[in-house]
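Remarks on the structure that follows.
The values are calculated or read from the model by the stated rules, or taken from the named source; none is laboratory data. Since we're looking at a predicted model, the values are computed, not measured. All Cβ positions, glycine included, derive from the backbone under ideal geometry; neighbour counts span all protein chains shown. Heads up: the accessible areas ignore ligands, DNA and RNA and are worked out on the full protein's heavy atoms, side chains in. Shrake-Rupley method; radii C 1.70, N 1.55, O 1.52, S 1.80 Å.
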Amino acid sequence: MSFTIVEQCTPRLNRTELAVPGSNTTFLEKASKSNADVIFLDLEDSVAPPDKEQARKNVIEALNDLDWGGRTLSVRINGLDTHYMYRDVVDVIEQAGDKLDLIMIPKAGTSEDIYAIDMLLTQIEEAKGYTKHIGLEMIIETALGMQNVHEIAAASPRNESLHFGVADYAASTKTRTTGIGGCHPDYHVLTDPDAEGRREVHWGDIWHYAIARMVVAARANGLRPLDGPFGDFSDTDGFRAQANRASVLGCEGKWAIHPSQVDLANELFSPSADEIDKAKRILEAMEKAQKEGAGAVALDGRLIDIASIKQAEVMVKKAEIIAAKGG
Ligand code: GLV
Ligand code: MG
């Protein structure tokens, strides 16, 4: 282990992050009863410019008046390049900051973006006498943000999570797609011809590098990495495949841009009964090995060692939190 210890952010269950447009009061009401672990009330890209002010009022009202049943709540403010942003922070935090857990910063480009929001939040919290400090979630969705992802992740002790915003990222990097997530038929490899001259087309994952890079920056700073939206909400298999790839790479959850994606993401980012059982058996086997003075043992014909304990502990802890939430 390095002499540098990575401080872990405030722990939260974050298998799902449900996006709800602040301009739609019916959706806000419905979201308050959702199974999502985290809900973000949006003031940014799902709200058209003429509706921005009303959406801000709706969000403040929803935070204060709806019964959210202890759900984790976030508000996505507008970008730092717009004049909406300062009022989003000032009005929402002054009028409903005690109801809010997180602020989501879109299109985070540099560590100074985070510094600026941190400063504003700190002043408002102090002026209002709030004792709870609001955490920050950053969307990495521009080439600039990806270039500076490590500095952004390290920019504030308020930081909790990094999110891959695939739609804006595609626009910023000029990736050749108009979909929100998913694959591209031109991004493939061809196998060498077999004896009959046949070749297979294997599609690749165009988002692999971006998500893997964001995961490293998040984990190196004790933050949660999350995969962002999957636009085609009628394509359950496509969502499942994308979520599984993100989960295997280390993401802790995924956005739901439609209520139908919530239960799916909860399921895909929860450890299975088999995985939990295996993790518990690893902990038992390692406890026994350590009592006998051994550093590594075999379980089910495979080597496990001290590193396996940490992985197993994370899995068991997560299972306990999910069970406490009701499954
Ligand atoms: C999310 O904000 C995205 O741009 O994908
Ligand atoms: Mg975006």
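Below are the figures for this structure:
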{"read-out": "Residue list for the stretch 135-175, filter: in a helix (DSSP H, G or I), among the aliphatic types (A, V, I, L, M) and more than 10 Å from ligand 1 (Cβ to nearest atom)", "value": "Ala143, Leu144, Met146, Val149, Ile152, Ala153"}
{"read-out": "Total residues in the stretch 212-228, condition buried (at least 24 other Cβ atoms within 10 Å of the Cβ) and either among the aliphatic types (A, V, I, L, M) or within 15 Å of ligand 2 (Cβ to nearest atom) (or both)", "value": "6"}
{"read-out": "Residue among Arg198, Arg281 that alone is over 16 Å from the mean Cα position of the chain (by Cα), surrounded by fewer than 16 Cβ atoms within 10 Å (Cβ to Cβ), charged (D, E, K, R) and not in a helix (DSSP H, G or I)", "value": "Arg198"}
{"read-out": "Of all residues in the stretch 100-124 being under 17 Å from Leu162 (Cβ atoms) and among the aliphatic types (A, V, I, L, M), the one that is nearest to ligand 1 (Cβ to nearest atom)", "value": "Met104"}
{"read-out": "Enumeration of residues in the stretch 201-210 that are open to solvent by 70 Å² or more (accessible area, probe 1.4 Å) and either under 30 Å from Leu144 (Cβ atoms) or over 32 Å from the mean Cα position of the chain (by Cα) (or both)", "value": "Trp203, His208, Tyr209"}
{"read-out": "Residue tally, condition in contact (Cβ under 8 Å) with a residue 40 or more places away in the chain and either open to solvent by 20 Å² or more (accessible area, probe 1.4 Å) or more than 16 Å from ligand 1 (Cβ to nearest atom) (or both), over the stretch 176-195", "value": "2"}
{"read-out": "Condition check for Lys57: open to solvent by 10 Å² or more (accessible area, probe 1.4 Å), within 16 Å of ligand 2 (Cβ to nearest atom) and outside any loop (DSSP other than H, G, I, E, B)", "value": "no"}
{"read-out": "Residue within the stretch 118-132 that is at pLDDT below 95 and either among the small types (Gly, Ala, Ser) or farther than 28 Å from Ala212 by Cβ (or both) present", "value": "yes"}
{"read-out": "Single match in Ser34, Ser2, Ser23, Ser46 (criterion: in contact with a Leu (Cβ under 8 Å, 6 or more places away or on another chain) and assigned to a loop (DSSP other than H, G, I, E, B))", "value": "Ser34"}
{"read-out": "Top-ranked residue of the stretch 185-210 - restricted to ones that are aliphatic (A, V, I, L, M) and out of contact with any Lys or Arg (no Cβ under 8 Å at 6 or more places or on another chain), ranked as nearest to ligand 2 (Cβ to nearest atom)", "value": "Ala210"}
{"read-out": "Selected residue (criterion: nearest to ligand 2 (Cβ to nearest atom)) from residues of the stretch 107-147 that are open to solvent by 10 Å² or more (accessible area, probe 1.4 Å) and touching a strand residue (DSSP E or B) at 6+ places or on another chain (Cβ under 9 Å)", "value": "Lys107"}
{"read-out": "Set Asp81, Asp91: member being out of contact with any helix residue (DSSP H, G or I) (no Cβ under 7 Å at 6 or more places or on another chain) and either surrounded by fewer than 21 Cβ atoms within 10 Å (Cβ to Cβ) or farther than 20 Å from Lys132 by Cβ (or both)", "value": "Asp81"}
{"read-out": "Filter result for the condition that a residue is out of contact with any Asp or Glu (no Cβ under 9 Å at 6 or more places or on another chain) and within 26 Å of Met146 (Cβ to Cβ), over Asp81, Asp88, Asp67", "value": "Asp81"}
{"read-out": "In the stretch 23-50, residue surrounded by the fewest Cβ atoms within 10 Å (Cβ to Cβ) [restricted to those that are in contact (Cβ under 8 Å) with a residue 12 or more places away in the chain and closer than 12 Å to Asn78 by Cα]", "value": "Ala48"}
{"read-out": "Conditions (1) over 20 Å from Asn64 (Cα atoms); (2) part of a helix (DSSP H, G or I); (3) touching a Leu at 6+ places or on another chain (Cβ under 9 Å): number failed by Leu121", "value": "(1)"}
{"read-out": "Test for Thr26: is it out of contact with any Asp or Glu (no Cβ under 7 Å at 6 or more places or on another chain) and not assigned by TED's automatic domain parsing to the domain that holds Gly135", "value": "no"}
